[in-house]
Amino acid sequence: MASIRELHEQIISKERSAVEITQEALNRIQELEPKLHSFLTVTTEQALKQAQAVDAKIAAGEEIGILAGIPIGIKDNLCTKGIVTTCASRILENFVPPYESTVTQKLADAGGVMVGKTNLDEFAMGSSTENSAYQVTANPWDLSRVPGGSSGGSAAAVAADECVVSLGSDTGGSIRQPASFCGVVGMKPTYGLVSRYGLVAYASSLDQIGPFGRSVEDAAILLSAIAGYDPQDSTSLKVAIPNYAASLKPDLKVGKKLRIGVITETFGEGLDPEVEAAVTKAIEQLQELGAEIHPISCPSFRYGLPTYYIIAPSEASANLARYDGVKYGLRSPDADNLLSMYTRTRSQGFGAEVKRRIMIGTYALSAGYYDAYYLKAQKVRTLIKQDFEKAFETVDVLISPTAPTTAFQAGEKTTDPLSMYLNDLMTIPANLAGLPGISLPCGFDSKGLPIGLQIVGKVLGEEQLFQIAYAYEQSTNWHLQKPKIA
């Protein structure tokens, strides 16, 4: 499928209609879903209506925005009015939200076409999209492997050309890691840049919505559309949103010399040699494009993983307390008293990983352990943030691998939660510090699996991240590679 800009030109020139483009995406979904399992819900009727509205505007001679008529996938933890939103959990199996999330409303207002709701790890808790209560999504590059998580459905759908772009959410790497595994571009914005209103909460101080695209430009266009202040979100930032795509240039030699810091703690033990080689080559390529390369130490970086797995489950234990069978969602029919209804509903409705994280979080917040675990984790979070601030005194951006390995086999790590958690090692610190980060393809391993390069920027540094990523992308052909299934 073509890029957003190419499709926009085709629509306004009447070379192709929005309905034709949408039908092509729906046909692809119908063809591939028996193998891929990227979507939990396909919104065929709504998608065609939205596409028809775009064509009607074109016929009437009205101007349309660049996203009008573009097929988009939406992660199924974003509320969509009148359309089931499950968070891939049995406890919300039949939940139909009475309101629209801010980001999906913005896309609808821009003329975007929602082709469906994508699969995820239940309540966004996982790194492989194997924790979904309904299906396991496959990696388009190798159907026996995982697409990463928790936004694996959104990443796989873009990689397989089931949609042009998609939305995911990133709490500890859930956009960037699946982007790396599926060979697409994924951006986690600065905390507060994109409204979380209508995003079903996992860990409220970490969650952030962001875009997936086949190219840096597509991701930049989508972020421009969804970013901006929202009075319905108390953490929303009141800042001007630039046209991220307008400033993209295939050169790093314009203006002040770009200083890139390579985080030394992300290399060495535990990093796949092929991943290290590809990322090292990408860093050399950035140097050839005009950047200065500096080794940078972030000593607290190594504590990101244990810090995250105290803070995130603690917030999850509070956020998920609302699913008790009283207000909405699943209610156990065989309970004979209130306490029984609570326990049976939650026992039947939540999967193993969600239960595990609720229990960890409840323990960390309990009397006698709050200071020893949760409070200490928040202090370490501050140290990690200070490490980033110190690094940014000498460099403009930081670079690392996105994930320590390429996509692993489905079922390989399901019985070893700690091994699974290690997949978020590189991505978690940016969430703890609220910083923007982007992952883009930088090569393939000997099995033909994509490798991701992560670039982390300063607060509200998305424009610079897109510029660097675009310059690198245009100097290589990694983003032009597609899996055979596509």
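The values are calculated or read from the model by the stated rules, or taken from the named source; none is laboratory data. The structure displayed is predicted, hence computed values, not measured ones. Please note: Cβ atoms are built from the backbone with ideal geometry, for glycine as well, and neighbour counts cover all protein chains shown. Just so you know, the surface numbers come from the protein's heavy atoms only, side chains and all, with ligands and any DNA or RNA stripped out. Shrake-Rupley method; radii C 1.70, N 1.55, O 1.52, S 1.80 Å.
With all protein chains present, how much of the accessible area of the chain (probe radius 1.4 Å) comes from carbon and sulfur, to the nearest whole percent?
Taking all protein chains in place, the chain shows 53 percent carbon and sulfur surface.
Out of all DSSP beta bridges in the chain, what portion is antiparallel? Express it as a percent rounded to 5.
65
Enter the per residue convex hull volume of region 148-242, computed from alpha-carbon coordinates, in Å³ rounded to the nearest integer.
Hull volume normalised by residue count: 84 Å³.
When every alpha-carbon pair in region 1-130 is counted, what percent end up more than 24 Å apart?
32
With θ taken as phi - 60° and the coefficients 6.51, -1.76 and 1.60, list the Karplus ³J(HN,Hα) couplings across region 446-452 in order, rounded to whole Hz; mark glycine and proline as x.
Rounded to whole hertz, the list is 5, 8, x, 9, x, 10, x.
Report, in deg cm²/dmol and to the nearest 500, the calculated mean residue ellipticity at 222 nm for the chain, where each DSSP H run with n ≥ 4 adds -39500 (n - 2.57) and the sum is divided by the residue count.
Theoretical 222 nm ellipticity from helices: -11000 deg cm²/dmol.
Compute the convex hull volume of the Cα atoms of region 365-470, divide it by the residue count, and report the result per residue in Å³ as a whole number.
Per residue, the Cα convex hull of region 365-470 comes to 122 Å³.
Over the chain, with the other protein chains present, what is the accessible area per residue in square angstrom, probe 1.4 angstrom?
Per residue, the chain has 38 Å² of solvent-accessible surface.
Return the loop-located GluC sites (Glu not before Pro) in region 64-124 (DSSP other than H, G, I, E, B) with at most 15 other Cβ atoms within 10 Å of their own Cβ; answer none if there are none.
93
Hey, what's the per residue convex hull volume over the C-alpha atoms of the chain, in cubic angstrom?
141
So which GluC sites (Glu not before Pro) in region 189-295 end up in coil per DSSP with only 12 or fewer other C-beta atoms within 10 Å?
269
Determine the shape class of region 265-406: with a ≥ b ≥ c the square roots of the Cα gyration tensor eigenvalues, call it rounded for a/c under 1.5, and otherwise prolate if a/b is greater than b/c, oblate otherwise.
Verdict is prolate for region 265-406.
Cα to Cα, under 17 Å, and not fewer than 8 places away if on the same chain: which lysines meet these conditions relative to residue 376?
385
Above 25 Å lies some portion of the pair distances; for region 84-228, what is it as a whole percent of all C-alpha pairs?
Here the long-distance tail beyond 25 Å is 18 percent of all Cα pairs in region 84-228.
Over all directions, what mean area does the Cα convex hull of region 195-280 project, stated in square nanometres?
9.0
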